[in-house]
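First comes the structure, then the notes that go with it.
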Amino acid sequence: MSAPFEHGSQPAACYIHVRGIVQGVGFRPFVYRLATTYGLCGWVANGEHGVEIVLEGNRAAIETFLHELTTRPPPAARIDQVDVQSIQPAGFPAFTIRESQRREHPTTRIPPDLAVCEACLDELFDPADRRFWYAYTNCTNCGPRYSIVLGLPYDRLRTTMKDWPLCPDCLREYHDPTDRRFHAQPVACPVCGPKYLLLDAHRWQEIRGVAAIREAAAWLRAGRIVAIKGIGGYHLACDARNVAAVQALRERKFRKEKPFALMVADLEVAAALVELDEVAREVLTSSARPIVLLPARVCLPGVAPDNRELGIMLPYAPLHYLLYAAGAPKVLVMTSGNRSEEPIAFTEDDAFARLSGLADGFLVGERPIARRVDDSVVRMTTLGPVIVRRSRGLAPGVVATLPTSRPILAVGADLKNTITVVIEGQAFVSQHIGDLDHWPVVAALRQTIRDLCAMYEVVLEQAIIAHDAHPEYISTNQALTLPGHHIAIQHHRAHIASVLAERSCWTERIVGLAFDGTGYGDDGSIWGGEVFVGSLHEGLQRVAHLRPAVLPGGDAAARRPVQAAAGFLAAVEDLPDLAAPPFCFPEQYEMAREFVARGLRCFFTTSVGRLFDTVAALCGFTRPISFEGQAALWLEHLAHQAPVVQPYPFPVEDGELDFRPLLAAVLADRQRGRDVAEIARAFHEAVAAAVVAVAVECCAAYRAHRVVVSGGVFQNALLVERVAELLRSHRLELWINRAVPPNDGGISLGQAALAACAGVVE
Ligand code: ZN
Ligand code: ZN
Ligand code: FE
């Protein structure tokens, strides 16, 4: 920021423009209090590009004001830029908060939803306070934002609270600049605000208010499954220690093995369940309150089968705290309110239609949710927290600033879909939308496109529409129905670009490795083990890749590790009988082998994800998977149980990583009876060593100094840790994703970044 004022006490005036997360976080009241403290006159208002301030008074006071503004902003605010201009004094008699103005494009950031703050919690449990036990308590420092916003600028009339007029007490707080609720848009109290009510499965027996929360807690204690309306949608909750309840939930949800997330009463309860270090505590208690995947210390039957981690989150809505205070079990399963992979329900009609039969009761809140926002998910690695799902508390924040003035809409990939909207160079990434092979998720994608484009006033006719290069992707076809200038971006280049965009790295030449399960390659084959050299500006050139294998059934092979194995093992000589022990492959393997032998429905692939599946199958994971990436996750957890061992051979020759010696070694070790954990570990070491070997070679050949990895395979904490360690000895820096997921949830940002750079060249 600039400091255009000389010291002195002469009267002066200035216009200040603040950009960042400055709306809906108590910024204007903060400015008001600051200005009046220093005897300054003028005004503050929410503009469409941030907060605008006009100050008049003595120069020294204005200087102090500016210092305080930038060094002590409200807790939830984030100041990115402050511009100060000298102007002629107009002689304002006082300092005022002006009503919002609407002018050009709104690039002001909509804050993500915030967990309830300490001050509000104190009131919640203070019998003398008028918000005692009131589930919709919030203030300028906390509460819902993105999930209630209907339009910009952020004002009560453009939120889902518009139908609850404020009572005299709330109105007084709202207009009192010294109050914590001064201009807090979602403010409410038991007198004027929405309430919770409890309905049984037949939607009878309506209980309202505090009694509803107490009764819901009793139902949870009794082992019932309750659908609970939260901030961004419905959860299905039950007692995590009640095996019968957990089992019933699995059956009703058609969710075989995918781990359930847990909500625990407090950090103490969390510490008894999982290993907690300082960083994990910080992430758990951050205002986003994500689900954090952490090493389990106990086994809760049925919660996370075959998994060494538990996904834990702390309460974040006042309602959650009230449920625990009312005696709800201290460890609750809190899984998204949906059937299998459908989008989470967020309206009452939808919840009743889709969750009846799943839930024994509904704890319904009257405040409408403007849009579905799932819980965010974070995995801890030695390189720091890695975002696996970016949603509540994080979306729709800005994650990067791109070198373009043209609006861009990037529609992402078909799995773990997100979209990115770029307006005036600022890239906003949407909440997690889901897998587009379910039509309600496609509808959710269309809704989110409409939503964010309307909110940021993106005119699609003038925009660049970026989509995946896969001609049969549903997201591609959705993009092609939109007006605008279309541009196809190759999937794995988008993965690498997502990391570069986060770091604002436009021109530096890097070596990038994109390893994942599936993506459409330049040659139409299934890519997933790609090495690139280049930059966002010069483009990313493919210089190496996994040796191509055949894949019977193509993308469908992702469901059956033995099917991938049939393809990869076809390249290995002297195969043993895999139907026999110790392998015991089921008959699908023989069928897939037939397809390979006859060349039926076979595709070429360089997918490292499928190589992980193959090794998982050889180590004993021979059943079909029941959620994406399950076999690879299983293999990683297996490898964790073994110490560091010698890597299997995984040579790189003529730009090809040859998996044949590696698989031959795995087969031999299995037949020899070596411990499968050690085999899994030696495989991980081999992949890490191969990544480093190819990176070192390419860095030398192309004079690069930085290695970038992305793609679903690099969600593997063990692999990333080993790669980072090995690269350090070669003095090469490793970049991984920080703001968006390394999985396909980050693709839309990468598409937007490459589209922005292509636009500059045009
Ligand atoms: Zn608060
Ligand atoms: Zn009120
Ligand atoms: Fe991918």
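The values are calculated or read from the model by the stated rules, or taken from the named source; none is laboratory data. Everything numeric in this text was worked out from a predicted model, so none of it was measured. Because the Cβ atoms are built from the backbone with ideal geometry, glycine has one as well, and the counts that use them run over all protein chains shown. Only protein heavy atoms, including side chains, enter the accessible area calculation; ligands, DNA and RNA are left aside. Shrake-Rupley method; radii C 1.70, N 1.55, O 1.52, S 1.80 Å.
Along the Cα-to-Cβ line of residue 119, 7 Å from the Cα, sits a label point; which residues in the stretch 161-204 have backbone N less than 15 Å from it?
Answer for this model: 173-188.
Count the DSSP beta bridges whose two residues both fall in the stretch 432-574, then state the antiparallel fraction as a percent rounded to the nearest 5.
Approximately 75 percent, going by the DSSP bridge assignments.
Given the Cα-Cα distance of residue 325 and residue 556 and 0.36 nm per residue of separation, how much length would full extension add, in nm? Could you put the intermediate results ahead of the total?
Details: separation 231, 0.36 × 231 = 83.16 nm, distance 4.74 nm.
So the extension gain works out to 78.4 nm.
So if each residue of separation counts as 0.36 nm, and I subtract the Cα-Cα distance between residue 675 and residue 405, what length gain in nm does that give?
On the way: separation 270, 0.36 × 270 = 97.20 nm, distance 5.69 nm.
Between residue 675 and residue 405, full extension yields an extra 91.5 nm.
Using DSSP, restrict attention to beta bridges with both residues in the stretch 11-97 and report what percent are antiparallel, rounded to the nearest 5.
90
Leaving out ligands and nucleic acids, and using a 1.4 Å probe, what accessible area per residue does the stretch 11-97 come to in Å²?
Details: 3330 Å² over 87 residues.
Accessible area per residue, the stretch 11-97: 38 Å².
Given charges of +1 on the Cβ of Lys and Arg and -1 on the Cβ of Asp and Glu, with all other atoms neutral, how large is the dipole of the stretch 611-756 about its Cα centre, in debye to the nearest 20?
On the way: 12 positive and 16 negative charges, 47 e Å.
The calculated dipole for the stretch 611-756 is roughly 220 debye.
Per residue of the stretch 78-88, what does 6.51 cos²θ - 1.76 cosθ + 1.60 with θ = phi - 60° give for ³J(HN,Hα)? Whole Hz please, x for Gly and Pro, Karplus curve as stated.
With coefficients 6.51, -1.76 and 1.60, one gets 9, 8, 9, 7, 10, 10, 10, 10, 6, 9, 6 Hz.
Tell me the net charge near residue 123. Cut-off is 14 Å between Cβ atoms, residue 123 excluded, with +1 for each Lys or Arg and -1 for each Asp or Glu.
-3
For the chain, with only Lys/Arg (+1) and Asp/Glu (-1) charged at the beta-carbon, what is the dipole magnitude about the Cα centre, in debye rounded to 20?
Around 1140 debye, computed over the chain.
Peptides 152-163, 385-396: what's the order by average Cβ count within 10 Å, highest mean first?
My ranking of the peptides, most packed first, is 385-396, 152-163.
Just add up the charged neighbours of residue 720: K/R +1, D/E -1, any other residue whose Cβ is under 12 Å from the Cβ of residue 720.
-1
So who's got an amide H within less than 5 Å of the one on residue 518, skipping anything under 5 residues away but keeping other chains? H placed 1.01 Å off N, in plane.
For residue 518, whose amide H was placed from the backbone, there are no distant partners under 5 Å.
Can you compute the FRET efficiency between residue 572 and residue 504 using 1/(1 + (r/R0)^6), with r the Cβ-Cβ distance and R0 = 45 Å? Round to the nearest 0.05. Working shown, then result.
Values: r = 44 Å, r/R0 = 0.98.
Plugging the Cβ-Cβ distance into 1/(1 + (r/R0)^6) gives 0.50.
Express as a percent, rounded to the nearest 5, the fraction of DSSP beta bridges in the chain (both residues included) that run antiparallel.
Roughly 75 percent of the beta bridges in the chain run antiparallel, per DSSP.
How many nm is it between the label spots at residue 70 and residue 446, if each spot is 7 Å from the Cα in line with the beta carbon?
According to this spin-label approximation, the distance is 4.8 nm.
Taking the Cα-to-Cβ direction at residue 353 and at residue 167 and moving 7 Å from each Cα, how far apart do the two end points lie in nm?
3.5
Set the Förster distance to 25 Å, then compute FRET efficiency between residue 457 and residue 485 from the Cβ-Cβ distance, nearest 0.05.
0.90
Tell me, what HN-Hα J-couplings in whole Hz come from the Karplus equation 6.51 cos²θ - 1.76 cosθ + 1.60 at θ = phi - 60° for each residue of the stretch 378-392, using x for Gly and Pro?
Along the stretch 378-392, the couplings run 10, 10, 8, 10, 5, 8, x, x, 10, 7, 9, 9, 9, 8, 4 Hz.
Excluding residues fewer than 8 places away in the same chain, name every one of the lysines whose C-alpha is closer than 28 Å to that of residue 416.
The reachable lysines, counting only those whose Cα sits under 28 Å from residue 416, are 229, 253, 256, 258.
Using the heavy atoms of the protein chains and a 1.4 angstrom probe, tell me the accessible area per residue for the stretch 196-365 in square angstrom.
Spelled out: the 1.4 Å probe surface of the stretch 196-365, per residue, equals 36 Å².
Can you tell me the relative contact order of the chain? Whole percent, Cα pairs under 8 Å, sequence separation 6 or more.
The value is 11 percent.
Which helices, taking whole DSSP H runs in the chain, have alpha carbons extending 20 angstrom or more along the helix axis plus mean Kyte-Doolittle at least 0.5?
Long hydrophobic helices here: 439-455, 676-702, 747-761.
Which residues in the stretch 566-582 place their backbone N less than 17 Å from a point set 7 Å from the Cα of residue 600 along the Cα-to-Cβ direction?
Under cut-off, by backbone N: 566-567.
Hey, with R₀ at 30 Å, roughly what FRET efficiency would residue 200 and residue 254 work out to, going by the Cβ-Cβ distance, to 0.05?
It comes to 0.85.
Full extension from residue 58 to residue 623: what is 0.36 nm times the residue separation minus their Cα-Cα distance, to one decimal in nm? Could the numbers behind the result be given before it?
Values: separation 565, 0.36 × 565 = 203.40 nm, distance 7.52 nm.
So the chain would gain 195.9 nm between residue 58 and residue 623.
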